[in-house]
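Engineer: This structure is in structure tokens; I'll ask about it shortly.
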Amino acid sequence: MTKRTLLVAMFALMATIGANAQIVNTLILETRVDEQYAAVDGQTNGAASGFMGKFLNFKMAGNLSDELSYSWRQRINKPQADGSMFNATDWIYLTYHKDNWNLSAGKQVVAIGGYEYDRAPIDIYFASEYWQHIACYQFGMSAGYAFGEDGADNLTFQICQSPLGNRADNLMAYNLMWCGSHGSWKTIYSLNLLESAPGELVNYIALGNRFGLEDVVVELDFMNRSMVDDMTLLKNFSVVADVNWSVYEKMNVFGKVSYDQNDTNLVTDSCVLPGSKLTRLGGGFEYFPMGANRNLRIHVAADYITGESLVSALKPNSMMFSIGLTWRLNLLK
């Protein structure tokens, strides 16, 4: 499917919204453009500097019936790869709801815990080494069950294509995730078994915690990665801490630090390679000119990376500074 074909299909769909509005709850176009400066060892990185369009996404979600819903997000500016027409599709799936149960099938987010992992890429200004590499959108199916007071807890079991290794090997992942909401404390925890090669299983223990304290939100993520025949802790792991302070209705100030380490001799998975010890720290602010309406956002962010790694997406002794504009168009209004 070419970009032109996709755009024609989208506009044809929008032209019929008036007759079918009862099945469309969300119809949004969103984009982000940054002016960015990057440097490594004090030398300007020209390829990563200058004006650049970061994202151009189309999102649609709604209901086909009282028990059947759908969700779709397409990155219009992402090129196709490997001959797959779904490469630029983040997710597209159907969900059947019955009482406290739900069943989903299609291309989904792989059910891995953590708040950095869970956040939409358009809302991330700099991320951990693990985040840079994980192929987090895969085809599969899942079953979820809500329990507790007012459905405060949700347990999901998912079987999907593995985000590790070669897709041609038909590798699989088996994921169990708990999302909880208990007052000021929210969680995204998971246990994951992911095939990285035929007959090789990687275990994740991912613990995402979110604490809401009036105008301050603190997010703490921890992930341990190991082979199932060696469940050693704190050899191959990532830690992410994020603090967001809502100074007033139109402005947020944030700070963030991540640490990725693989102190083993094994390529447990391709996300954080052996020999990596990388720290990324930075901060910035977000300004919302329309106040409570968050469809227009200006951000300023800067970060610095230190540590060591032979091969990584994050380069030691590098820095980045960006100013950007994000806007969302609600096509139903």
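Engineer: How large is ³J(HN,Hα) for each residue in the stretch 231-247, as worked out from phi by the Karplus curve 6.51 cos²θ - 1.76 cosθ + 1.60 (θ = phi - 60°), to whole Hz, x for Gly and Pro?
Structural biologist: Ordered by residue, 3J(HN,Hα) equals 8, 5, 8, 6, 10, 10, 7, 9, 10, 9, 10, 9, 10, 10, 10, 7, 5 Hz.
Engineer: Follow-up. For the chain, modelled as a GNM with alpha-carbon contacts under 10 angstrom, which of Pro274, Pro121, Pro198 fluctuates the most?
Structural biologist: Pro198
Engineer: Please work out the C-alpha center-to-center distance from the stretch 115-139 to the stretch 227-272 and express it in whole Å.
Structural biologist: 11 Å
Engineer: Shifting gears a bit: Taking a virtual spin label 7 Å from the Cα of Glu249 along the C-beta vector, which residues in the stretch 278-300 bring their backbone nitrogen under 11 Å of it?
Structural biologist: 290-293
Engineer: For the chain, set up a Gaussian network in which alpha carbons nearer than 10 Å are linked by springs, and say which option among Asn170, Asn262, Asn102 fluctuates the most.
Structural biologist: Checking each option, the largest mean-square fluctuation is seen for Asn170.
Engineer: With runs of 4+ DSSP H residues as the only contributors, calculate the mean residue ellipticity of the chain at 222 nm using -39,500 (n - 2.57) per run, divided by the residue total and rounded to the nearest 500.
Structural biologist: On the way: 4 runs with 26 residues, N = 333.
Only helices count here, giving -2000 deg cm²/dmol.
Engineer: Can you work out the Karplus-derived ³J(HN,Hα) for every residue in the stretch 178-193? Use 6.51 cos²θ - 1.76 cosθ + 1.60 with θ = phi - 60°, whole Hz, and x for glycine or proline.
Structural biologist: Running phi through 6.51 cos²θ - 1.76 cosθ + 1.60 with θ = phi - 60° gives 10, 10, x, 9, 9, x, 7, 10, 10, 9, 9, 10, 8, 10, 9, 10 Hz.
Engineer: Does the chain classify as rounded, prolate or oblate by the C-alpha gyration tensor (a ≥ b ≥ c root eigenvalues; a/c under 1.5 gives rounded; else a/b over b/c gives prolate, otherwise oblate)? It would help to have the intermediate numbers written out before the result.
Structural biologist: Details: a/c = 1.36, a/b = 1.11, b/c = 1.22.
Rounded is the answer for the chain, as its axis ratio a/c remains below 1.5.
Engineer: Going by amide H atoms built from the backbone, whose H comes under 5 Å of the H on Asn25, apart from near neighbours?
Structural biologist: Ala61, Gly62, Asn63
Engineer: Could I ask something else about it? From the cross-link list Lys235/Lys277; Lys54/Lys235; Lys186/Lys277; Lys54/Lys315; Lys59/Lys186; Lys54/Lys256, which pairs have alpha carbons spaced over 22 Å apart? Numbers along the way, then the final one.
Structural biologist: On the way: Lys235/Lys277 11 Å; Lys54/Lys235 34 Å; Lys186/Lys277 29 Å; Lys54/Lys315 20 Å; Lys59/Lys186 25 Å; Lys54/Lys256 20 Å.
Among Lys235/Lys277; Lys54/Lys235; Lys186/Lys277; Lys54/Lys315; Lys59/Lys186; Lys54/Lys256, the Cα-Cα distance tops 22 Å for Lys54/Lys235; Lys186/Lys277; Lys59/Lys186.
Engineer: Please give me, ordered by residue number, the GluC sites (Glu not before Pro) of the stretch 35-137 that lie in loop per DSSP and have at most 12 other Cβ atoms within 10 Å.
Structural biologist: Values: sites: Glu35, Glu67, Glu116, Glu129; in loops: Glu67.
Within the stretch 35-137, the qualifying GluC sites (Glu not before Pro) (loop, at most 12 other Cβ atoms within 10 Å) are Glu67.
Engineer: Quickly work out the Leu191-to-Ala120 label distance, labels modelled 7 Å from Cα along the C-beta direction, and quote it in nm with one decimal.
Structural biologist: In this crude spin-label approximation the distance works out to 3.3 nm.
Engineer: Whose amide H sits under 5 Å from the amide H of Ser71, counting only residues 5 or more places off or on another chain, with H placed in the peptide plane?
Structural biologist: Under 5 Å from the amide H of Ser71: Tyr93.
Engineer: Give me the distance in nm between label points sitting 7 Å out from Cα along the Cα-to-Cβ direction at Asp41 and Met231, one decimal.
Structural biologist: 4.3 nm
Engineer: Another question about this same structure. Can you give me the relative contact order of the chain as a percent, contacts being Cα pairs under 8 Å and 6 or more apart?
Structural biologist: 14 percent
Engineer: Taking H as built 1.01 Å from N, whose amide H comes closer than 5 Å to the amide H of Leu171, not counting residues under 5 places away?
Structural biologist: Excluding prolines and chain starts, which carry no amide H, the hits are Ser162.
Engineer: Mind listing the phi-derived Karplus ³J(HN,Hα) values for the stretch 270-285, rounded to whole Hz, using 6.51, -1.76 and 1.60 with θ = phi - 60°, and x for any glycine or proline?
Structural biologist: Result, ordered by residue: 7, 7, 10, 7, x, x, 7, 9, 10, 10, 10, 9, x, x, x, 8 Hz.
Engineer: Which of the trypsin sites (Lys or Arg not before Pro) found in the stretch 263-315 are in a DSSP loop and have at most 14 neighbouring Cβ atoms, other than their own, within 10 Å?
Structural biologist: Values: sites: Lys277, Arg280, Arg294, Arg297; in loops: Arg294.
Those that pass, being in a loop and sparsely packed, are Arg294.
Just so you know, all these numbers are worked out from the coordinates, no wet-lab data involved. Since the structure is predicted, the reported quantities are computational estimates derived from the model, not experimental observations. Here the Cβ is made from the backbone with ideal geometry for all residues, glycine too, and neighbour counts use every protein chain on show.
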